[in-house]
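Just below is one structure, and these are the notes that go with it.
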Amino acid sequence: MPHVIAVVDDLMFLSRIREAARGSGTEVRSARGPRELVEAARDGGRLVFVDADSSRLPWAQAVSALRADASVAAIPVIAFLSHVHADHADAARAAGASRVLARGAFVQELPRLLAAAAAPVTTLEENDR
């Protein structure tokens with residue numbers, strides 16, 4: 001089943017993501033490390049959210065592992081962080097994040113990101129009909 005994957009250890013923020021996902025009909029799966037992230041991605045993951053402020057999760061290694069696996073490397077990764085941690089933004093980009101957003105901007109974009117992840121994937125052939 002298509003889903004988004006959250007590499008987030010802040011349970012309050014994870015519940016906020018899950019609540020927003022319910023509105024779009026999107027499932028949210030949690031991953032706490034590289035292996036869990038890659039496995040969830042292989043099982044239909046459409047988008048990954050990463051809390052780049054987390055000091056308890058190996059988020060950078062998880063994103064790097066995702067990018068190293070050709071079968072899931074193209075899945076977009078959105079890293080979010082506090083605006084005061086500019087060094088974390090650089091680390092997120094270095095690990096392979098597609099986009100890096102301040103936490104407030106992430107919250108504002110969350111409904112749109114979830115809606116895009118829930119949208120059916122079409123192939124070029126389907127679009128040509």
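The values are calculated or read from the model by the stated rules, or taken from the named source; none is laboratory data. If you're wondering where the values come from, they're calculated on a predicted model, not measured in any experiment. FYI the Cβ positions are ideal-geometry reconstructions off the backbone, even for glycines, and counts take in every protein chain you see. Remember, those area values only see protein heavy atoms, side chains included, never the ligands or the DNA or RNA. Shrake-Rupley method; radii C 1.70, N 1.55, O 1.52, S 1.80 Å.
The table for this structure:
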| read-out | value |
| --- | --- |
| Hull volume in cubic angstrom per residue (convex hull over the Cα atoms of the stretch 1-43) | 45 |
| Accessible area of the chain divided out per residue, in Å², using a probe of 1.4 angstrom | 54 |
| Over the chain: helical MRE at 222 nm, DSSP H runs n ≥ 4 each giving -39500 (n - 2.57), nearest 500 | -15000 deg cm²/dmol |
| In degrees, nearest ten, helix 11-24 long axis to first principal axis of the chain (Cα) | 20 |
| Within-15-Å neighbourhood charge of R35 [Cβ basis; K, R +1; D, E -1] | 0 |
| Angle in degrees between helix 103-118 and the longest Cα principal axis of the chain, rounded to the nearest 10 | 20 |
| Contact order normalised by residue count of the chain, Cα under 8 Å, 6+ apart, percent | 26 |
| Radius of gyration, Dmax [the stretch 1-121; alpha carbons; angstrom] | 12.8, 36 |
| Surface accessible to a 1.4 Å probe, E19 within the full protein complex, Å² | 110 |
| Tilt relative to the chain, helix 59-68 - C-alpha long axis, 0 to 90 degrees, to 10 | 40 |
| Rg/Rh (Cα only; Kirkwood hydrodynamic radius) as it applies to the stretch 44-95 | 0.97 |
| Accessible surface of R18 - all protein chains present, 1.4 Å probe, nearest 10 Å² | 80 |
